[in-house]
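Comments concern the structure below.
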Amino acid sequence: MSHSALPTTQPDLEDLADMAFVAEADEPVQSSARPVPRISIQVFCETAPVAGAMQIAADDRRLSKTHVSIHMGGCPAALQHFGSNPTPNLIVLESTAQREKLLSDIDTLAEHCDAGTKVVIIGHLNDVVIYRELLKRGVSEYLVAPVTAGQIMESISHLYNNPDTDPVGHVHAYIGAKGGSGSSTICHNTAWMLSEALKSNVVVADLDLAFGTTGLDFNQDPLQGIGDALATPERLDEVLLDRLLTKCSEHLSIFAAPVTLERGYDISAESCESVLDVVRQNVPFVAIDMPHTWMSWTKSVLLQADEVIITAAPDLANLRNAKNIVDLLRQTRRNDSPPHLVLNTVGLPKRPEIAVKEFEAALGLKAAAVIEFDIETFGQAANNGQMIAETNAKARAVPSLRQLALALAHREERVEKKIGLLERLKLKR
């Protein structure tokens, strides 16, 4: 059998990714894929759409730890390459061949595969016989083209994440478009609302290490917190995490910031990732209170989060900064849902404001919550170390915060219809 060598000039995979992205623009976002560990992946494609979808998947945050190499040429190129090179952790192979030819190629490829190498086949035949024969030969998965980036990510994720373990917790990153926009207040109240509404465990991680307000807002003064974990991330495990967390209610705990100015906080993106990985392994939801600073580690945390919440006041500086953040997220998080926009302190007396609809139109986003200016309720809650709903359950912001919390958890509010007197009389009849 003749084999074609790997092409010396590869097609522009960025262009292929753009083509695939346009094709997938109307597809629902695939969010069930979990982060994949540090593995090497070699991909051999035959068609541009599959190569483009693979490039989008390779650029996704959930494959950010992997090393992905994409080639054209399909099975012949793979056989040529692995004839003289070791196989990676995972081979993704596209084939347009018919059944007998495909199975023959896989038998030949198996002769070159090292122990532990997994193989995913992307075929063009919807044939159950092929599927069964490939499984008999040890192939991990068979996908039928056309495939989306989401399908590819899910397939790889399922291979390297144990479905019997508890699901990895969802990380929600809250960032203010401008200092003083109220992002921390929105973060703390939404996290509390989520823990109360779903009765699920939530951890608020305060990454504003020097000036964080999580302890104040929850009326706590912990001696230990996230600063200790970030100092020695390799030591953090379930036992130490339990000691460093401060329990505020039955389902909510805080990972408080040290809030001291005696030292600088030059932390790394790797340290943040390591600490947050441990936290998300132990609770269903992690709310990250991001500082209003832009460093490599803050950017990394923001881009790796499952959901991003941008809090902005309705003025020009907030609009400019929010647009910069939204544009960055759209460019780098193509397979994720868009960020959630919270417009805060709307209706502040005597302040010239940008109308909500104009703000939304400029960002191309509909606000997930519009919080009206209510200095009395918010000020009293802050001074008391309480959440808004604890201070005043009938406050105008409470329904919006609850709706935002449920949206972040991908849940819907169940509204029970009240039956009036006339309806009761009809039912009796």
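For segment 52-86, which residues satisfy the criterion of being hydroxyl-bearing (Ser, Thr, Tyr) and out of contact with any Leu (no Cβ under 9 Å at 6 or more places or on another chain)? Ser69, Ser84, listed by residue number. The single condition from (1) among the small types (Gly, Ala, Ser); (2) surrounded by 20 or more Cβ atoms within 10 Å (Cβ to Cβ); (3) touching a His at 6+ places or on another chain (Cβ under 7 Å) that Gly150 fails is (3).
Looking only at residues in segment 262-278 that are part of a loop (DSSP other than H, G, I, E, B) and of a type in the set (Asp, Glu), which one is farthest from Ser64 (Cα to Cα)? Steps first, answer last, please.
Within segment 262-278, the subset part of a loop (DSSP other than H, G, I, E, B) is 262-268.
Adding the requirement that they be of a type in the set (Asp, Glu) leaves 262, 266.
Values: Glu262: 35, Asp266: 23 Å.
Ranking the candidates gives Glu262 first.
Yes or no, residue by residue, for (1) buried (at least 17 other Cβ atoms within 10 Å of the Cβ); (2) modelled with pLDDT of 90 or more; (3) not small (Gly, Ala, Ser):
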residue: Met72; (1), (2), (3): yes, yes, yes
residue: Ala77; (1), (2), (3): yes, yes, no
residue: Gly83; (1), (2), (3): no, no, no
residue: Thr87; (1), (2), (3): yes, no, yes
residue: Leu90; (1), (2), (3): yes, yes, yes
residue: Gln98; (1), (2), (3): no, yes, yes
residue: Ser104; (1), (2), (3): no, yes, no
residue: Ala110; (1), (2), (3): no, no, no
residue: Val120; (1), (2), (3): yes, yes, yes
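Where in segment 170-261 are there helices (runs of 4 or more DSSP H), lying wholly inside it, with at least 3 residues that are within 23 Å of Ala405 (Cα to Cα)? Even if it seems obvious, please write down each step before you answer.
Values: elements: 183-198, 214-217, 226-231, 238-244.
It comes to 183-198, 214-217.
Look at segment 347-374: where a residue is in the same structural domain as Thr391 (by TED's automatic domain parsing) and among the small types (Gly, Ala, Ser) and a partner is crowded, with 17+ Cβ neighbours inside 10 Å and part of a strand (DSSP E or B), sitting 6+ places away or on another chain with Cβ atoms under 7 Å, you get Ala367/Leu341; Ala367/Val342; Ala367/Leu343; Ala368/His340; Ala368/Leu341; Ala368/Val342; Ala369/Val342.
Return a yes/no flag: does segment 102-120 have any residue that is among the hydroxyl-bearing types (Ser, Thr, Tyr), within 34 Å of the chain's Cα centre (by Cα) and over 22 Å from Ser40 (Cβ atoms).
Let us first name the residues in segment 102-120 that are among the hydroxyl-bearing types (Ser, Thr, Tyr), namely 104, 108, 117.
Cutting the leftovers down to within 34 Å of the chain's Cα centre (by Cα) gives us 117.
Filter once more, keeping what is over 22 Å from Ser40 (Cβ atoms): none.
Scanning segment 102-120, I find no residue that is among the hydroxyl-bearing types (Ser, Thr, Tyr), within 34 Å of the chain's Cα centre (by Cα) and over 22 Å from Ser40 (Cβ atoms), so the answer is no.
Output the residues belonging to segment 32-67 that are crowded, with 20+ Cβ neighbours inside 10 Å, closer than 18 Å to Tyr160 by Cα and among the hydrophobic types (A, V, I, L, M, F, W, C). Answer for segment 32-67, where residues must be crowded, with 20+ Cβ neighbours inside 10 Å, closer than 18 Å to Tyr160 by Cα and among the hydrophobic types (A, V, I, L, M, F, W, C): Ala33, Val36, Ile41, Val43, Met54, Ala57, Ala58, Leu63.
Once segment 295-323 is narrowed to residues that are free of Cβ contacts under 8 Å to residues at least 40 places away in the same chain and over 21 Å from Val346 (Cα atoms), the residue that is surrounded by the most Cβ atoms within 10 Å (Cβ to Cβ) is Trp297. All of (1) of a type outside the set (Lys, Arg); (2) modelled with pLDDT of 95 or more; (3) outside any helix (DSSP H, G or I) hold for Pro338 with one exception: (2).
So, in segment 349-376, exactly how many residues are within 19 Å of Asn392 (Cβ to Cβ) and surrounded by 12 or more Cβ atoms within 10 Å (Cβ to Cβ)? Spell out the reasoning first.
Residues of segment 349-376 within 19 Å of Asn392 (Cβ to Cβ): 369-376.
With the extra rule that they be surrounded by 12 or more Cβ atoms within 10 Å (Cβ to Cβ), the set shrinks to 369-374.
Summing the residues that are within 19 Å of Asn392 (Cβ to Cβ) and surrounded by 12 or more Cβ atoms within 10 Å (Cβ to Cβ) in segment 349-376 gives 6.
Here's the yes/no breakdown for (1) more than 26 Å from Ile309 (Cα to Cα); (2) out of contact with any Lys or Arg (no Cβ under 6 Å at 6 or more places or on another chain):
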residue	(1), (2)
Arg132	yes, yes
Leu135	yes, yes
Ser140	yes, no
Val147	yes, yes
Ser184	no, yes
Trp192	no, yes
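The values are calculated or read from the model by the stated rules, or taken from the named source; none is laboratory data. Please read all numbers here as calculations on a predicted model, not as lab measurements. Cβ: placed from backbone, ideal geometry, glycine included. Neighbour counts: every protein chain shown.
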